Amino acid sequence: DRLRSACLGMILLDMETISPVEEHLFTPREAAKAMRMGPRRRRGFAAARVALKRLARQLDLVGKHIPDRAIETLGPDEARPCLAESGIYCSVSHSGRLVVAVAHTHPIGVDLERVSEKVMRTRHLSMSPKEKDLVSLSRLGPERAATRVWTTKEAAGKALGLHLFQALREVEVVRVGEQGGVMRYQGKTYYAS
């Protein structure tokens, strides 16, 4: 509910409940990108396209008669998502069975990750010493706090237009909590929910 209220629009789907028929889903650019992917990545890519196209419809960015294969969700750089070339900012993420797409009138980022030991094992690659201290002192517990740091950095990277490696290195998480956190990038403070 917090995320939904902070966005212009949001779609959250269980990937097990959608079975996109790719020839009816993809634009030519999306199809070309999907063809270069293995089955696992392609499944997540297709689910993200479904979520983005539903979000474009939810926001009335396309007419009801427009088929999915005519709704572009791949930005000009072929990396970032877009909503029917509307100029509205969006972000998409998938993890496990879930896929989420969000939109806003200003840059926005979203990330989904399962709480797991994996983020703890790789924290030396993604966290500064101060962030490791935050994780160890957090009431959330180490795995949840580490996952919160990771998702905050990845979502910030999406909103700020950074590559993941750059976001992991340059975005500093200064607070993690049950309701979100606080991060800094280039001297500016941002709140994450």
Looking only at the range 119-139, and only at residues there that are without any contact (Cβ under 8 Å) to a residue 40 or more places away in the chain and touching an Asp or Glu at 6+ places or on another chain (Cβ under 9 Å), the one that is farthest from residue 47 (Cα to Cα): 139
Taking only the range 98-129 into account, find how many residues are touching a helix residue (DSSP H, G or I) at 6+ places or on another chain (Cβ under 7 Å), of a type in the set (Gly, Ala, Ser) and more than 18 Å from residue 144 (Cβ to Cβ). 3
Among residues of the range 17-64 being more than 16 Å from residue 83 (Cα to Cα), over 18 Å from the mean Cα position of the chain (by Cα) and of a type in the set (D, E, K, R), the residue most open to solvent (accessible area, probe 1.4 Å) is 36
Quickly run through the range 140-149 and pick out the residues that are surrounded by fewer than 21 Cβ atoms within 10 Å (Cβ to Cβ) and outside any loop (DSSP other than H, G, I, E, B). 142, 143, 144
Here the residues within the range 161-193 that are assigned to a helix (DSSP H, G or I) and crowded, with 18+ Cβ neighbours inside 10 Å are 167, 168
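The values are calculated or read from the model by the stated rules, or taken from the named source; none is laboratory data. Not measured: the values here are computed from a predicted model. Cβ: placed from backbone, ideal geometry, glycine included. Neighbour counts: every protein chain shown. In case anyone asks, the SASA skips ligands and DNA or RNA and just uses the protein heavy atoms, side chains included. Shrake-Rupley method; radii C 1.70, N 1.55, O 1.52, S 1.80 Å.
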